[in-house]
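The next block holds one structure in the form of structure tokens; read it before the comments.
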Amino acid sequence: MSTISGFGADTNKFFGTLPTNPGSLFSVLPDAAASRGLQSAARASAVAARNRTADIETRQLQSKARTAKREAQDLSRITARLDRVVRTVEKAVERLGEIKTNITDMRRQVVTAKGDSVPTSERRVFADRFDQILGKLNLRIKTAGFIGTNLIGTSVRDDFEPDEITFQTKPDSLEKKTISGLFSQNDFFITDSNGDKFYPDIFGSILTKFPNPNEETGELVSTNDTVVFDESSGAVSMTRPGAGTPYLDGTVTRKGLGVLNTFLYNNFEDDSSLDRALSDVDNASSKIRFNIGFLEGELAKARAAQIFVEGQIKEKNKFAAGVEAQAFGDERRAALEAERQDILFSAAFQGTLGFNRQAGLLALTGPAIFNFSV
């Protein structure tokens, strides 16, 4: 047994029993080497665990989930546009349905005025009602837009081209679908020999030149004026009572529904003019029905695209949620397995060292730092 200079016998209680044979000192090294081997193996096992197939598959699943979410977000931008398209077409169809009532009321005025017992003075009353209803029809069409897009009318006086609206069904496609509007207002203008165009006001009582840079007041139309109108050619002349020359002489151009104000139907004062008015109203009714049918077809297409895209969004979000759940489960199981491996290696490592108060790590190193003799 060796004694260490400067220490009594009780000192060995702290450091443990010191081997007296040099060969015994080196006999503990294989255990230390084994411990280091286990520690290295644990590290290698952890690295391998991070790169194992299960982790690679988890990362692939997470990538698929991110892709699906991004695609769903792209589709969401399309749905906003599709929502606007659907609302715009719905508004147009709704207004066309409303003006069908106006057309019916206008026809009623004509038919009633044609009654045998209706005097000329009362026919003018029905003519005035006719113009009022026609004005209300145009007001409804002018305000048929949704967020600035009007598929059946315009607010600019000399513009007879309604708006159109476009949309996509695929975010990564350059192809766009277009819904073209149908001008469903009722309008006309008279072009004089100078090329100036005169437009009626909303109720057909004043004809105003447009453009009108000099802000002219326009020509007031009176029931006492003499109006000569050739429907086949569109030629018209309008003369004041007692005047020798017309105050307006030109050609009528119809737009939209093609119905005229009653000063061009001789204020309903003769049967021939009433027949022309009735024919024009019936033609307008046919145009309205056609326009409604066309836009309802476009609305059905837009709604189908809307439903399709919304379904794609739900499908992709559902896929992403499922994949994320699977990836989370795999990741959690891998973490638990790695934790289990760490515990096993730690236990093996501690057991190999044989760490205890009597023969611990200091049994290898403590005596070496002091002078001792054999």
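The values are calculated or read from the model by the stated rules, or taken from the named source; none is laboratory data. Source: prediction; values computed, not measured. Neighbour counts run over all protein chains shown; Cβ positions are idealised from the backbone, glycine included.
Can you tell me which residue within the stretch 74-91, out of those that are hydrophobic (A, V, I, L, M, F, W, C) and either closer than 13 Å to THR149 by Cα or in contact with an Asp or Glu (Cβ under 6 Å, 6 or more places away or on another chain) (or both), is surrounded by the fewest Cβ atoms within 10 Å (Cβ to Cβ)? Give the steps one after another, and end with the answer.
Kept after step one, since they are hydrophobic (A, V, I, L, M, F, W, C), are these residues of the stretch 74-91: 75, 78, 80, 82, 85-86, 89.
Among the residues that remain, those that are also either closer than 13 Å to THR149 by Cα or in contact with an Asp or Glu (Cβ under 6 Å, 6 or more places away or on another chain) (or both) are: 85-86, 89.
Working: VAL85: 24, VAL86: 17, VAL89: 26.
Only one residue tops the list, namely VAL86.
Identify all residues within the stretch 95-111 that are surrounded by 15 or more Cβ atoms within 10 Å (Cβ to Cβ) and not basic (Lys, Arg); write none if there are none.
LEU96, ILE99, ASN102, ILE103, ASP105, MET106, GLN109, VAL110, listed by residue number.
Those residues that are surrounded by fewer than 14 Cβ atoms within 10 Å (Cβ to Cβ) and not polar (S, T, N, Q), I need them from the stretch 211-231; list them, please.
Residues satisfying the conditions are PRO211, PRO213, GLU215, GLU216, LEU220, VAL228, ASP230.
Out of the residues in the stretch 232-274 that are touching a helix residue (DSSP H, G or I) at 6+ places or on another chain (Cβ under 6 Å) and at negative phi, which is surrounded by the fewest Cβ atoms within 10 Å (Cβ to Cβ)?
GLU269
Working carefully through the options ILE152, ILE179, find the one that is in contact with a helix residue (DSSP H, G or I) (Cβ under 6 Å, 6 or more places away or on another chain), assigned to a loop (DSSP other than H, G, I, E, B) and β-branched (Val, Ile, Thr). Full working, then the answer.
Values: ILE179 fails: assigned to a loop (DSSP other than H, G, I, E, B).
Of ILE152, ILE179, the one residue that is in contact with a helix residue (DSSP H, G or I) (Cβ under 6 Å, 6 or more places away or on another chain), assigned to a loop (DSSP other than H, G, I, E, B) and β-branched (Val, Ile, Thr) is ILE152.
For the subset of the stretch 167-203 comprising residues that are surrounded by 11 or more Cβ atoms within 10 Å (Cβ to Cβ) and among the hydroxyl-bearing types (Ser, Thr, Tyr), which member is modelled with the lowest pLDDT?
THR169
Just one of THR79, THR112, THR88 is part of a helix (DSSP H, G or I), over 26 Å from the mean Cα position of the chain (by Cα) and either within 18 Å of THR154 (Cα to Cα) or not aliphatic (A, V, I, L, M) (or both); which is it?
Numbers: THR79 fails: over 26 Å from the mean Cα position of the chain (by Cα); THR88 fails: over 26 Å from the mean Cα position of the chain (by Cα).
Criteria check complete, one pass: THR112.
Restricting to the stretch 134-150, name every residue that is crowded, with 21+ Cβ neighbours inside 10 Å and in contact with an Asp or Glu (Cβ under 6 Å, 6 or more places away or on another chain).
ASN150, the sole residue that qualifies.
Which residue pairs have Cβ atoms closer than 8 Å, lie 6 or more positions apart in sequence or on different chains, and pair a first residue in the stretch 53-67 that is more than 23 Å from ILE313 (Cα to Cα) and small (Gly, Ala, Ser) with a second residue that is surrounded by 14 or more Cβ atoms within 10 Å (Cβ to Cβ) and modelled with pLDDT of 70 or more?
As it stands, the answer is none, since no pair meets every condition given.
Might you check whether a residue that is in contact (Cβ under 8 Å) with a residue 12 or more places away in the chain and over 46 Å from the mean Cα position of the chain (by Cα) occurs anywhere in the stretch 276-299?
yes
Taking the residues in the stretch 306-316 that are out of contact with any Leu (no Cβ under 6 Å at 6 or more places or on another chain) and touching a residue at least 60 places away in the same chain (Cβ under 8 Å) as candidates, determine which candidate is surrounded by the fewest Cβ atoms within 10 Å (Cβ to Cβ). Don't jump to the end; show me each part of the working.
Step one: list which residues in the stretch 306-316 are out of contact with any Leu (no Cβ under 6 Å at 6 or more places or on another chain), which gives 307-308, 310-311, 314-316.
Next cut, touching a residue at least 60 places away in the same chain (Cβ under 8 Å) only: 308, 310, 316.
Numbers: PHE308: 13, GLU310: 16, LYS316: 20.
Per the stated criteria, the residue is PHE308.
Any idea which of (1) outside any loop (DSSP other than H, G, I, E, B); (2) of a type in the set (D, E, K, R); (3) over 36 Å from the mean Cα position of the chain (by Cα); (4) closer than 21 Å to VAL252 by Cα is the one ASP187 doesn't satisfy?
(3)
Filter the stretch 202-218 for residues that are in contact (Cβ under 8 Å) with a residue 40 or more places away in the chain and in a loop (DSSP other than H, G, I, E, B); which is farthest from the chain's Cα centre (by Cα)? Give the steps one after another, and end with the answer.
Narrowing the stretch 202-218 to residues in contact (Cβ under 8 Å) with a residue 40 or more places away in the chain: 202-205, 207, 210-211.
Among the residues that remain, those that are also in a loop (DSSP other than H, G, I, E, B) are: 202-205, 210-211.
Values: ILE202: 36, PHE203: 39, GLY204: 41, SER205: 44, PHE210: 39, PRO211: 38 Å.
Filtering the stretch 202-218 for residues that are in contact (Cβ under 8 Å) with a residue 40 or more places away in the chain and in a loop (DSSP other than H, G, I, E, B), the one farthest from the chain's Cα centre (by Cα) comes out as SER205.
Looking at PHE167, PHE126, PHE146, which one is touching a residue at least 24 places away in the same chain (Cβ under 8 Å) and either farther than 30 Å from GLY311 by Cβ or touching a Phe, Trp or Tyr at 6+ places or on another chain (Cβ under 9 Å) (or both)? Spell out how you get there, then give the answer.
On the way: PHE167 fails: either farther than 30 Å from GLY311 by Cβ or touching a Phe, Trp or Tyr at 6+ places or on another chain (Cβ under 9 Å) (or both); PHE146 fails: either farther than 30 Å from GLY311 by Cβ or touching a Phe, Trp or Tyr at 6+ places or on another chain (Cβ under 9 Å) (or both).
Residue meeting the stated conditions: PHE126.
Among what's in the stretch 230-266 and is assigned to a strand (DSSP E or B) and over 22 Å from GLY135 (Cβ atoms), pick the residue that is farthest from the chain's Cα centre (by Cα). Before the answer, list the steps.
Start the filter on the stretch 230-266 by keeping residues that are assigned to a strand (DSSP E or B), which leaves 235-239, 248-256.
Filter once more, so that each one left must be over 22 Å from GLY135 (Cβ atoms): 235, 237, 239, 249-251.
Values: ALA235: 49, SER237: 52, THR239: 56, ASP249: 51, GLY250: 49, THR251: 46 Å.
Once the filter is applied, the top-ranked residue is THR239.
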